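Shown next, in structure tokens, is the structure this report addresses.
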Amino acid sequence: MINAEGTAGALIRYFSLIAAVQHNYQCSAPYCAVLEVGPTQVDNDPMLSFSSSPSRIVLGVTGGIAAYKAAELVRRLRERHAEVQVVMTEGACQFVTPLTFQALSGRPVRTSLWDAAAEAAMGHIELARWAEHVLIAPASADILARLAGGRADDLLTTLCLATEAPVSVAPAMNHQMWAHAATQTNVDTLRARGVRVLGPASGDQACGEQGPGRMWEADDLAAALFSGVENGPLTGKKLVISAGPTREPLDPVRFISNRSSGKMGFAVAAAARDAGAEVTLIAGPVMLSTPRGIRRINVETAEQMYRAVHEAVVGAHVYIGAAAVADYQPAAYAPQKMKKTSEHLELHLQRAPDILASIAALERPPFTVGFAAETNDVERYARDKLTRKRLDLIAANEVGVDRAFDRDDNALLLLWSGGRRELALQSKDQLAREFIAVVAERYRLTRHPLAALVPQAS
Ligand code: C5P
């Protein structure tokens, strides 16, 4: 959100011209998708407990080296007072013995659809009804394919077809297998059917390679299961959020950027997830780890962000543009490092695409929310932007020295046609929750005006 005016020379005052240093952050053209990366934390906030916690869990264990982590998971679930019935596939039994799970869960493990004695105790249909949640961890590429295909060729798949309980999967596999189009299509199919996909995380793999494919740690899986949001204000809604700055390269070592840290956008993404939304986060170069359960796409330039947002927004209900996108980009890119040959240097800049305005101008736009960072006359400029860019809602804040950028706290003024709400200075995490609550309310009233007449369930 860089507002540049005047000549090219004057423009440069607004930009920090930074020699690119090697950050951990990496991104290759055109842009790269990173799925479910990063450390996680347990949300203990009672405000987030929208659903009752499952107390009867069927834990499906499939064939993969991560099966050993499922043993720890049983303990984490039992610590939360859940009854855990383990169901293992044939492949899983090659990695860990059923006896291990029996000892930890205190229940005989089910491995076969054809075990007459076990079926007599609790048949597979009864088991499907008994479950308040089915969690498959680790979920191999094979189980994802079989679930997506609606197979019922062993106890676990049969159970998943027969149950009315929510199903979650924690994928774990080699990163190439995870990235394969077949697996991704299967995951999309499962997501579309309401299956929660928890992970995978990125990092070292048992095969010695690196990448997304590691099963989430037991603690994180247990936490995710017990903070499941089935009746959140954004449950069933797809949200796309852009966050962080963009970098506009001048030559291979220099770029124009701004001071955005991405903290507000990341906090908004986490708050939207906690409100039940399925969140895609399009992130410029920031040093932040991905909030748990969020699909992240890394980009670098305004052009890349434009393309990534337009792709992600198809079928989305809400778009929140929280990124500090460059307003201007170098008109030309020098393929070799520019030399300091003269006393003065003039840079020619041209307008970067306005992502937010282009989304709002779509034939069937999602509920579109913008941010306005202003140094003065905040409300007047923000309201003008709301109208000019045809937004549903705008979140304005005052920026300047020691304000908003790269800080952990912030305040917002929310404006929409005919209304306003001030959100006081507070931590960005808490502020993001209040902000998302207003977004959900405005979305509901705008897209479903009759909802205004119906009292909301608490
Ligand atoms: O006009 P201004 O840049 O101040 O508007 C800020 C809002 O517009 C933010 O939501 C920002 O993400 C979005 N924006 C954009 N593309 C640009 C510039 C700003 O989406 N090129």
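The values are calculated or read from the model by the stated rules, or taken from the named source; none is laboratory data. The structure displayed is predicted, hence computed values, not measured ones. Counting neighbours? That spans all protein chains shown, and the Cβs are built from the backbone with ideal geometry, glycine included.
Got a number for residues in region 112-133 being within 26 Å of E72 (Cβ to Cβ) and touching a Leu at 6+ places or on another chain (Cβ under 7 Å)?
Residues in region 112-133 being within 26 Å of E72 (Cβ to Cβ) and touching a Leu at 6+ places or on another chain (Cβ under 7 Å): 4 in total.
Out of everything in region 338-354 that is within 16 Å of the ligand (Cβ to nearest atom) and touching a residue at least 24 places away in the same chain (Cβ under 8 Å), what residue ends up being nearest to V253 (Cα to Cα)?
Across region 338-354, the extreme among qualifying residues is L349.
Given the conditions (1) surrounded by fewer than 21 Cβ atoms within 10 Å (Cβ to Cβ); (2) over 22 Å from the mean Cα position of the chain (by Cα), which single one is not true for T189?
The number of the failed condition is (2).
Out of region 355-365, which residues are surrounded by fewer than 17 Cβ atoms within 10 Å (Cβ to Cβ) and either near the ligand (Cβ under 8 Å from one of its atoms) or of a type in the set (S, T, Y) (or both)?
A357, S358
Just to be sure, is V299 surrounded by 21 or more Cβ atoms within 10 Å (Cβ to Cβ), assigned by TED's automatic domain parsing to the domain that holds A361 and under 20 Å from R191 (Cα atoms)?
For V299, the condition - surrounded by 21 or more Cβ atoms within 10 Å (Cβ to Cβ), assigned by TED's automatic domain parsing to the domain that holds A361 and under 20 Å from R191 (Cα atoms) - is not met.
Restricting the first residue to region 302-323 and requiring it to be in the same structural domain as A361 (by TED's automatic domain parsing), which pairs with a second residue that is within 8 Å of the ligand (Cβ to nearest atom) and modelled with pLDDT under 95 meet a Cβ separation below 9 Å and a spacing of at least six or different chains?
A323/M1
Given the structure, is P212 outside the structural domain of L445 (by TED's automatic domain parsing), touching a helix residue (DSSP H, G or I) at 6+ places or on another chain (Cβ under 7 Å) and closer than 27 Å to I355 by Cβ?
yes
How about region 217-293: which strands (runs of 3 or more DSSP E) wholly inside it have at least 3 residues that are in contact (Cβ under 8 Å) with a residue 60 or more places away in the chain and under 28 Å from R191 (Cα atoms)?
Qualifying strands (runs of 3 or more DSSP E): 238-243.
Just checking: which of the strands (runs of 3 or more DSSP E) contained wholly in region 20-123 hold 2 or more residues that are under 26 Å from the mean Cα position of the chain (by Cα) and modelled with pLDDT of 95 or more?
Filter on region 20-123 gives 56-61.
Pull up region 366-378, narrow it to residues that are surrounded by 14 or more Cβ atoms within 10 Å (Cβ to Cβ) and of a type outside the set (G, A, S), then point me to the one that is nearest to the ligand (Cβ to nearest atom).
Step by step, filter region 366-378, then rank; the result is F371.
Any idea which residue in region 283-312 is nearest to the chain's Cα centre (by Cα), counting only those that are more than 12 Å from the ligand (Cβ to nearest atom) and β-branched (V, I, T)?
I294
Hey, can you tell me all the residues within region 314-337 that are more than 30 Å from H348 (Cβ to Cβ) and either within 12 Å of the ligand (Cβ to nearest atom) or not in a loop (DSSP other than H, G, I, E, B) (or both)?
Once the filter is applied, which keeps residues that are more than 30 Å from H348 (Cβ to Cβ) and either within 12 Å of the ligand (Cβ to nearest atom) or not in a loop (DSSP other than H, G, I, E, B) (or both), region 314-337 yields V318, Y319, I320.
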